[in-house]
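Quick notes on the structure that follows.
The values are calculated or read from the model by the stated rules, or taken from the named source; none is laboratory data. If you're wondering where the values come from, they're calculated on a predicted model, not measured in any experiment. Reconstructed Cβ throughout: ideal geometry from the backbone, glycine too, with neighbour counts over all protein chains shown.
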Amino acid sequence: MVNIDQILHQLPHRYPFLMVDRVLEWERGKRLVAVKNVTINEPFFQGHYPHFPVMPGVLIIEAMAQAGGLAVAADPDSDDPDETLVPLLAAVNQAKFRKMVRPGDQLVIEIEVLRARSRIVKVAAKAEVDGETAAESELTFVLTKRGANQ
């Protein structure tokens, strides 16, 4: 299991935009299972919606994209973040939202790498709550060196 310190070491995202709390399984370049704990303290719940808080679908996609980025580019054993490639989200395809995500839910995000060619990687992403699919999509990433201006 990968803890939050290791996640922070690999992902450039920080509060309030870090959407991965823990990694349960990680086969670099193949698959990853991550967790996002959704609490009422999330800043987006102040306006979406105050009397019926629902996690915005685009933020579920973002959580899947961050988990996907970990799966395809980060090296959990590397001490040097400059050695890792930064995944930039290039496309979101076939996104489907099937279940509302509410405060108190735990999103379990499953990523499976479908194809990797050169620096283009496509993954299947699924987010579940209590074993039910909340959202799913195919995500495409372009891998670039950290700090590269491309």
Practice problem: Output yes when any residue across region 2-16 is of a type in the set (A, V, I, L, M, F, W, C) and at pLDDT 95 or above, and no when none is. | Solution: no
Exercise. Hey, could you check region 99-119 for residues that are basic (K, R) and assigned to a loop (DSSP other than H, G, I, E, B) and say which is modelled with the lowest pLDDT?
Key: R119
Quiz item: Which residue pairs have Cβ atoms closer than 9 Å, lie 6 or more positions apart in sequence or on different chains, and pair a first residue in region 6-20 that is free of Cβ contacts under 8 Å to residues at least 24 places away in the same chain with a second residue that is part of a loop (DSSP other than H, G, I, E, B)?
Solution: L8/R14; L8/L18
Quiz prompt | region 57-72: number of residues that are touching a helix residue (DSSP H, G or I) at 6+ places or on another chain (Cβ under 9 Å) and among the small types (G, A, S) | solution = 1
Quiz prompt | Check on N37, more than 23 Å from A90 (Cα to Cα), touching an Asp or Glu at 6+ places or on another chain (Cβ under 6 Å) and surrounded by fewer than 14 Cβ atoms within 10 Å (Cβ to Cβ) | solution = yes
Practice problem: Kindly provide the set of residues from region 1-24 that are more than 24 Å from N93 (Cα to Cα), surrounded by 14 or more Cβ atoms within 10 Å (Cβ to Cβ) and not aliphatic (A, V, I, L, M), ordered by number. | Solution: Q6, H9, Q10, D21, R22
Exercise. Hey, can you tell me all the residues within region 40-54 that are in a loop (DSSP other than H, G, I, E, B) and either surrounded by fewer than 16 Cβ atoms within 10 Å (Cβ to Cβ) or touching a strand residue (DSSP E or B) at 6+ places or on another chain (Cβ under 7 Å) (or both)?
Key: I40, N41, G47, H48, Y49, P50, H51, F52, V54
